[in-house]
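Below: the structure, in structure tokens.
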Amino acid sequence: MDDLSRRAVSAALAVARGLGLPCSDQPEILADGSNVLAHLVPAPVVARVATTTALVRRPPERWLARDLNIGGYLAARSFPVVPPSRELPPGPHLHDGFALTFWEFIEHDRNYVASAPEVGPFLRDLHTALRDYGGPLRHLSPFAEIPEWLDEVGSWNPDEVASWNPNEVASWNTDQGDTSKVNPADIAILRRGFAQVSADINELNLPERPLHGDAHKKNVLKTSRGLLWTDFEDACCGPLEWDLACFVRTSLESPDIALASYAAHINPDHLQPFFAARDLQGAAWGLILSTRFPDRKARADEWMAIARSRYGG
């Protein structure tokens, strides 16, 4: 873990103990990327602390609250999701500059990857369960935020990055006096792509509904209770095709097989702008994530190469 993640874990421990939860000094780290997920052993509690997401989503507790609201809404209706914690107030909590929430820890098969025939109908059931959700949802939030992310990235400087992880500042590109981590030309390409893809989506004028927002198979856990959905931080409203594009693209099955598992009539041509939107989101998020994690840079470069080929002018 880098310094930012270590401080995030310390914040989670401080809040949990302040609320009377006994827990070890050495939590089990379940994930460390967009956010830190820490199992506060031995308690059946997982802390979710905004880290990388908090660098571009301000204030981060707004997204964490949405995650809790939808998780709680579905759990109250006995829909299979990972529920907010009942061991202590789930939050969002603020401590030492971090926003965090608490969730029930549910043991799951960490090597299991759900198949398209499993996830497709499960996603359809989720969409049905979300139909009557009345909480505030932004239109295609994880795509619509891209210009805001790019504004933040364009303002970063080495001192700011050093405050997250002192070891990272040495890897910054200072060629030709450039003190920006990200090439400004790449930011311009992503902005151009966003304008083009937004226009393509708007032209379809498709009906909207509440969506998971990040409906890929890694957000489906195999547990003794069966499959459970998790991670509603990117929940939004928008065309069904947004969730389907994410599901199809990450299913590792042919589009025909993945769509057949969802069992709804979808015009394949309508999916194309949403595939492009997901690719653009991947390129933008790759720039952000690889700033903290050098091992993510190769994948980020692949995403950016796709964006350059499409929107490079």
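At-a-glance table
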| quantity | calculated |
| --- | --- |
| Subset tally (residues that are in a loop (DSSP other than H, G, I, E, B), loosely packed, with under 14 Cβ neighbours inside 10 Å and touching a residue at least 12 places away in the same chain (Cβ under 8 Å)) for the stretch 203-227 | 3 |
| Segments classed as helices (runs of 4 or more DSSP H), wholly inside the stretch 98-184, with at least 1 members that are touching a Leu at 6+ places or on another chain (Cβ under 9 Å), modelled with pLDDT of 95 or more and farther than 21 Å from Arg48 by Cα | 116-130, 141-144, 146-155 |
| Residues of the stretch 24-45 that turn out to be within 26 Å of Arg299 (Cβ to Cβ) and assigned to a strand (DSSP E or B), as a count | 9 |
| Every residue from the stretch 244-260 that is surrounded by fewer than 21 Cβ atoms within 10 Å (Cβ to Cβ) and in a helix (DSSP H, G or I) | Arg249, Thr250, Pro255, Asp256, Ile257, Ala260 |
| Residue match in the stretch 281-289 (condition: surrounded by 22 or more Cβ atoms within 10 Å (Cβ to Cβ) and either aromatic (Phe, Trp, Tyr) or closer than 20 Å to His212 by Cβ (or both)) | yes |
| Condition check for Asp200: on the phi < 0 side of the Ramachandran plot, modelled with pLDDT under 95 and surrounded by 12 or more Cβ atoms within 10 Å (Cβ to Cβ) | no |
| Filter result for Leu94 (surrounded by fewer than 16 Cβ atoms within 10 Å (Cβ to Cβ), at pLDDT 95 or above and part of a strand (DSSP E or B)) | yes |
| Residue list for the stretch 283-313, restricted to those being outside any helix (DSSP H, G or I) and closer than 18 Å to Asn157 by Cα | Phe293 |
| Residue in the stretch 109-119 that is within 25 Å of Ser5 (Cβ to Cβ) and without any contact (Cβ under 8 Å) to a residue 24 or more places away in the chain present | yes |
| Lone qualifier among Val45, Val41 - being farther than 20 Å from Gly97 by Cβ, modelled with pLDDT of 95 or more and buried (at least 23 other Cβ atoms within 10 Å of the Cβ) | Val45 |
| Residue within the stretch 37-58 that is more than 26 Å from Glu118 (Cα to Cα), more than 13 Å from the chain's Cα centre (by Cα) and among the charged types (D, E, K, R) present | yes |
| Residue in the stretch 267-276 that is within 14 Å of Leu126 (Cα to Cα) and in a loop (DSSP other than H, G, I, E, B) present | no |
| Flag for Phe232 being buried (at least 23 other Cβ atoms within 10 Å of the Cβ) and not in a helix (DSSP H, G or I) | yes |
| Any pair with Cβ under 6 angstrom, 6 or more apart, that starts in the stretch 292-311 at a residue that is over 13 Å from Leu190 (Cβ atoms) and ends at one that is aliphatic (A, V, I, L, M) and assigned to a helix (DSSP H, G or I) | Arg296/Leu289 |
| Residue among Lys222, Lys218 that is at pLDDT below 95 and in the same structural domain as Leu130 (by TED's automatic domain parsing) | Lys218 |
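One line per residue, one yes/no per condition, for (1) touching a Lys or Arg at 6+ places or on another chain (Cβ under 8 Å); (2) closer than 20 Å to Glu107 by Cβ:
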| position | (1), (2) |
| --- | --- |
| Leu37 | yes, yes |
| Val45 | no, yes |
| Val49 | no, no |
| Pro59 | no, no |
| Gly72 | no, no |
| Val82 | no, yes |
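The values are calculated or read from the model by the stated rules, or taken from the named source; none is laboratory data. Please read these numbers as outputs of a predicted model, since none were measured by experiment. Using ideal geometry, Cβ is built from the backbone for each residue, glycine included, and neighbour counts are taken over all protein chains shown.
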